[in-house]
Amino acid sequence: MFNLPTQIKYSLAPLLIVIISIIMALIEPMSSDFLAYDRHQLNNLQLWRLLTGHFLHTNSMHLVLNIVGLTLLWALHGQYYQTKRYVTLFFTLCLGTSCGLFLFAPQMIWYVGLSGVLHGLFIIGAYFDIQNKFKSGWIMLLGVWLKVGHEQIYGASENVAQLIEANVAIDAHLFGTITGSIIILFYFVADKIHNNRQKI
C-alpha cells in the first residue's frame with residue numbers, strides 16, 4: 001500500500017518552497033532583478049543569489065513543471081526527510097549547484113529554476129531507497145546519471161526549452177547531480193563508521 005507522507009513534519013518544507021516560488025513569480029520582474037543567479041552581480045558580491053535564484057522561474061510553465069517535479073519527489077521520498085533535514089539538504093543542493101555553475105560554467109551568466117536541485121534530491125532519495133532495500137533505488141540512481149550524461153553529450157530537449165522559453169540549464173542538472181552524489185557519499189561513509197563502531 002502506497003502512503004503519501006502527508007504529516008506536517010514531512011510536507012512543511014516542500015510546501016514552503018512551493019509557496020515562496022509562487023510568491024516570487026507573482027512579483028516578477030522585481031524578484032528576478034534582485035534574486036536571480038546572475039554572474040555579474042555575484043562578482044559584485046551579491047552572494048544571496050547563489051540560493052535565491054532557485055526559487056525563480058522563467059514563466060508559469062517552468063514554475064508548474066518544477067512544482068510537479070518537487071511534488072513527485074515528495075510523494076516518492078518525502079518520508080525520508082523531516083523538516084530540518086529537508087531544509088539542510090535543499091539549501092546545500094542550491095549552494096552546490098550554483099557554485100558549480102559559477103566555478104565551472106562561466107558561459108552561464110543568468111539562471112533560475114529548481115531543476116538542478118531536483119536532480120540532487122532524486123539522487124539522495126534513490127540512496128535512501130537503496131538503504132531501505134528497495135532495488136528500484138539502484139535503477140533511479142543509474143537513470144539520473146544516464147539522463148545527465150545524455151544531456152551533456154546530446155543537449156537538452158527542444159520541447160522543454162520551448163515550454164520554459166529559455167535554454168535548458170543542463171549544467172545545473174549536472175552540478176545538482178554531482179552535489180547530490182557527494183551528499184550520498186557522505187551518508188555512506190557516515191553509515192559505515194557508525195556500523196563499525198556498533199561492532200566494537
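Things to note:
- Which numbered condition Leu51 fails, given (1) more than 13 Å from the chain's Cα centre (by Cα); (2) under 22 Å from Ala169 (Cβ atoms): (1)
- Flag if Glu151 is free of Cβ contacts under 8 Å to residues at least 40 places away in the same chain and of a type in the set (D, E, K, R): yes
- Pair list, Cβ under 6 Å, 6 or more apart: the stretch 30-44 residue in contact (Cβ under 8 Å) with a residue 24 or more places away in the chain, other residue of a type in the set (Gly, Ala, Ser): Ala36/Gly53; Tyr37/Gly53; Tyr37/Ser98
- Within the set Ile123, Ile67, the sole residue that is part of a helix (DSSP H, G or I), in contact with a helix residue (DSSP H, G or I) (Cβ under 9 Å, 6 or more places away or on another chain) and more than 24 Å from Phe188 (Cβ to Cβ) turns out to be Ile67.
- Applying the criterion of being under 17 Å from His57 (Cα atoms) and in contact (Cβ under 8 Å) with a residue 60 or more places away in the chain to the residues of the stretch 161-175, the residue that is nearest to the chain's Cα centre (by Cα) is Ala172.
- From the list Ala172, Ala156, Ala161, the one residue that fits, being closer than 22 Å to Thr92 by Cβ and among the small types (Gly, Ala, Ser), is Ala172.
- Any hit, the stretch 38-53, residues being over 28 Å from Lys9 (Cα atoms) and at pLDDT below 95: no
- Test: residue in the stretch 70-85 that is touching a His at 6+ places or on another chain (Cβ under 9 Å), closer than 19 Å to Ile124 by Cα, in contact (Cβ under 8 Å) with a residue 60 or more places away in the chain and assigned to a helix (DSSP H, G or I): no
The values are calculated or read from the model by the stated rules, or taken from the named source; none is laboratory data. Just so it is clear, the structure is predicted and the values come from calculations on it, not from any experiment. Every residue, glycine as well, gets a Cβ built from its backbone with ideal geometry; the counts of neighbours run over all protein chains shown.
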